[in-house]
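Everything on this sheet refers to the single structure shown next.
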Amino acid sequence: MPLTSPQHLVLAGGGHSHALVLLHWCMHPQRRPAGWITLVNQQSSTLYSGMIPGLIAGHYKRSEIAIDLRRLCDRAGVSLVIAEITGVNVSQQQLQLRDRPALSFSQLSINVGGGTRPGPLLAIKPLEPALETLDAAQGPASPPFQLLGSGLAAMEVAMALRQRWPKRRLQVLHRPESVPSQLLSSLSQLKIDVLPSTALNQSGQGLRCMGSQAPEWLSSSGLPCCPDSGRVRTLASLQVLGHPVIFAAGDCAVLDNQPRPPS
């Protein structure tokens, strides 16, 4: 049977917005809403995205950029459920989980971030598998390490990898019309090869950095989402359009009247 509560605020995802709310309640316990509150996340910690380039470059250890969600929940008086979210049953107000009972909610806040758009090579997001791949690919191995993407994420990861691997061959594969010439010059100065995306070796080592896309279960749950990115459309109050008890923030959401890119 689903877990139920008359007043149950469910925080879906351990993104930065939810982590900051937990910290706020830790510092100001009188501002914590009354009632039962549960955070659902697939891991008990999350990585601070602003320090990911420094982690890739070798300036930080993983433990130095990890946000301890379990500790924040304990201090804020919030229950923590470690589970994969698979959907929302909007009509029954339930958050659906893989291999676990659904969680009924009176209010739901969604802060689950986004993943990398589909394509060849391993995605840079979710971060954990990508970081494990980088750890396993240490050293100046002869095959070049490829980064597929024309945005700033691919360029930033390439520059961080040059710090991590001073001598390894690195390639950025991009659409030639998409990258400013000054940025291409900076990559060249770092001895990072810049090639058209058609030069991709799909059997080689590399990461795909091709933009953000919200989890597919958001749109399949019937929530109003952007057709191109899958991001949930919200009012300025962060309430999902047509669903006043559901809120969304971060890379999985977009203000409907003030659209802006993720990250």
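The values are calculated or read from the model by the stated rules, or taken from the named source; none is laboratory data. Computed from a predicted structure; not experimentally measured. Backbone-built Cβ (ideal geometry, glycine too); neighbour counts: all protein chains shown. The area values use the complete protein model at the heavy-atom level, side chains included, leaving out ligands, DNA and RNA. Shrake-Rupley method; radii C 1.70, N 1.55, O 1.52, S 1.80 Å.
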Provide the solvent-accessible area of Ser63, counting protein heavy atoms only and rolling a 1.4 Å probe, rounded to the nearest 10 Å².
-> 90 Å²
With a 1.4 angstrom probe the carbon and sulfur portion of accessible area for the chain, in percent, totals 53 percent
Leaving out same-chain residues fewer than 8 places away, which aspartates and glutamates sit with a Cα under 19 Å from that of Lys167?
-> Asp135, Glu156, Asp193
Local net charge near Arg62, Cβ-Cβ under 15 Å (Lys/Arg +1, Asp/Glu -1) = -3
Estimated Rh, the chain: Kirkwood, alpha-carbon pairs, angstrom = 19.9 Å
Sorting Val78, Val21 on solvent-accessible surface, 1.4 Å probe, most exposed first, gives Val21, Val78
What percent antiparallel are the DSSP beta bridges of the chain, to the nearest 5?
-> 35 percent
Scoring segment 125-260 by relative contact order with C-alpha pairs under 8 Å, at least six apart, yields a percentage of 20 percent
Relative contact order (%) - criterion: Cα under 8 Å, at least six apart; region: segment 86-142 = 16 percent
Given 39-45, 152-158, the highest-first ranking by average Cβ count within 10 Å works out to 152-158, 39-45
Rounded to the nearest 10 Å², what accessible area does His28 show when all protein chains are kept and the probe is 1.4 Å?
-> 60 Å²
Using packing as a proxy for protection, rank 222-235, 205-218 so that the peptide with the highest average count of other Cβ atoms within 10 Å comes first.
-> 205-218, 222-235
The chain, relative contact order [Cα under 8 Å, separation at least 6], % | 19 percent
Solvent-accessible area per residue for the chain at a 1.4 Å probe radius, Å²?
-> 51 Å²
Taking square-rooted eigenvalues a ≥ b ≥ c of the alpha carbon gyration tensor, is segment 217-263 rounded, prolate or oblate, where a/c under 1.5 means rounded and, failing that, a/b exceeding b/c means prolate?
-> oblate
What list of ³J(HN,Hα) couplings, whole Hz, do you get for segment 161-175 from phi and the Karplus terms 6.51, -1.76, 1.60, once you set θ to phi - 60° and write x for glycine and proline?
-> 5, 5, 5, 6, 10, x, 10, 6, 5, 10, 10, 9, 10, 9, 8
